[in-house]
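Quick note: the coordinates plus some simple rules give every number you see, no bench work behind them. Computed from a predicted model, the values in this text were never measured in an experiment. Note that we place each Cβ from the backbone using ideal geometry, even for glycine, and neighbour counts take in every protein chain shown.
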Amino acid sequence: MNSLIVFLLIIFSISSYFFGRKEARKLVTNNIKLNALPSYYGYYLALWCGLPALLIFASWSLFEPSILKLLILGNFPDIEAKDLFYEQTLSFFNGNFTGKITEDIKLAADNYLYLNNIAQNSKVILLALVVFVSSLFAYNKIKSNNKARDDVEVILKVLLFVSSLVAILTTLGIIISLLFESIKFFSTINIFDFLFGTSWSPQRAFVRDASAITPEEYLELKDAFGSVPLFAGTAFIAFIAMCVAVPIGLFSGIYLAEYASTKVRKYSKPIIEILAGIPTVVYGFFAALTVGPFFRTLGESLGLTVSSESALAAGLIMGIMIIPYISSLSDDVINSVPQSLREGSYAIGATKSETIQKVVIPAALPGIIGSILLAVSRAIGETMIVVMAAGLAANLTINPLDSTTTITTQIVMILIGDQEFDSPKTQAAFALGLTLFIATLFLNYIALRVVKKYREKYD
């Protein structure tokens, strides 16, 4: 139902654009000078037809479930575990309930059906009324030859502001949630034990109330949340990946930008960029079923002990995955270097390779650093490849043939299933997320400083 409503609103808005443009052109045929191009009148009518209705629809969809829940549970004041009862009612209503069906559940489901029908009908009537009123308002503005361009620009500015505000508030919400849960975690586990501990086994604290931890239990738990193996594993796998991706990606970008013919570039660049579109689970399968066993067999033939899940396999496949990020962006950045710099270098007798080395690469260095930073962020945040190729064991090792794990993998493993949020085990995921956020922010800051320095030099 909701999808149909959104689809109809979009279709009606698109139709309103053409209708508004047509009506504006009629004014021209009547020898009336327009205050804006006919297309702006179409945009004006389309925005007024779609935006108010979509805003009301979004607000309604946001608050409707909570209101229905309050109305239904209000009829059953004596029911214990009301959240569970409501979920059972919804499951029974949707035909997915497999437990014992009580009379209360049947009555609540009937009540839900009644209220839901009222809500849906009311929503349709309200949206139709809003569309009619807003369309009539906008149509009268067209007939009066309103300055549609200024109004459209104001609406677009408001939309851009709201979008920016949503992005900022979302970021602040993420940071606040991380801080709130991390503070609760560090109130139980010493921050120095977390940052400098070398043992990671959070399963010891599974479903354990943080507020009731005794000193004896703390002595047991303080050695369970050492994050050093996780940060070391993350950095190690990311380092292996960058050792693969940076030279291959950068050299391929230089080749495509400076040496490749138009025909070669036409086919080579899309083929390289296909790597970025392959799902990470496919890379994970390839690493687990092909690359990992290959390294193990090769190591055994050389008399080496190689784990079936290794950091080398995960890093290698991850490096292949992020090659397009460096290659494509480096290619675009190198192509954006002014041709006059190359011609000046050729004029003083430099060869093509010398020009690339001494002129093009330094001038394009800010963009290249940006592409490498993007690739590093992608490598640090990867989870699926690590789970399938590197394993889940938090081993503190620099041997690429051993299994290891990363921060993101452990966050996922901690939060899988039903968890108790008062447990240090669960809160540790937020502490890891906050630490990773700060580390990534620090890397971004360093990269921006480097980019700013060289941009001032070559601009």
How would you rank 361-374, 63-76, highest first, on the average number of other Cβ atoms within 10 Å across their residues? 361-374, 63-76
Using a Förster radius of 45 Å, what is the FRET efficiency between Ser336 and Ile101 based on their Cβ-Cβ separation? Nearest 0.05, please. 0.10
List the lysines whose alpha-carbon lies under 23 Å from that of Lys184, not counting same-chain residues fewer than 8 positions away? Lys222, Lys425
Do any of Lys123/Lys157; Lys69/Lys106; Lys33/Lys157 go past 18 Å between their Cα atoms, and which? Lys123/Lys157; Lys33/Lys157
At 7 Å along the Cα-to-beta-carbon direction for both Lys22 and Thr198, put a label point, then send me their distance in nm to one decimal. 7.8
Give the peptides 312-318, 21-27, 246-252 in descending order of average Cβ contacts within 10 Å, highest first. 312-318, 246-252, 21-27
Got a sec? Charge dipole of the range 62-166, +1 on Cβ for Lys and Arg, -1 for Asp and Glu; which of Asn140, Leu84, Leu115 is way out at the positive end? Asn140
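Treating only the Cβ atoms of Lys and Arg (+1) and Asp and Glu (-1) as charged, compute the dipole magnitude of the chain about its Cα centre; round to the nearest 20 debye. Please list the in-between numbers first.
On the way: 34 positive and 34 negative charges, 549 e Å.
Here the size comes out at about 2640 debye.
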Simple spin-label estimate for Leu73 and Asn190 in nanometres, 7 Å along Cα-Cβ: 4.2
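Note down, for the chain, the three equivalent ellipsoid semi-axes (square root of 5 times each alpha carbon gyration tensor eigenvalue), biggest first, whole angstrom. Spell out each step's value before the answer.
On the way: eigenvalues 447, 364, 86 Å².
Over the Cα atoms of the chain, the ellipsoid semi-axes are 47, 43, 21 Å.
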Check the straight Cα-Cα distances from Lys453 and name the lysines below 27 Å, setting aside those fewer than 8 residues away within the same chain. Lys352, Lys358
What is the spin-label model distance, in nm, from Glu153 to Leu165 if the labels are put 7 Å beyond Cα along the C-beta direction? 2.2
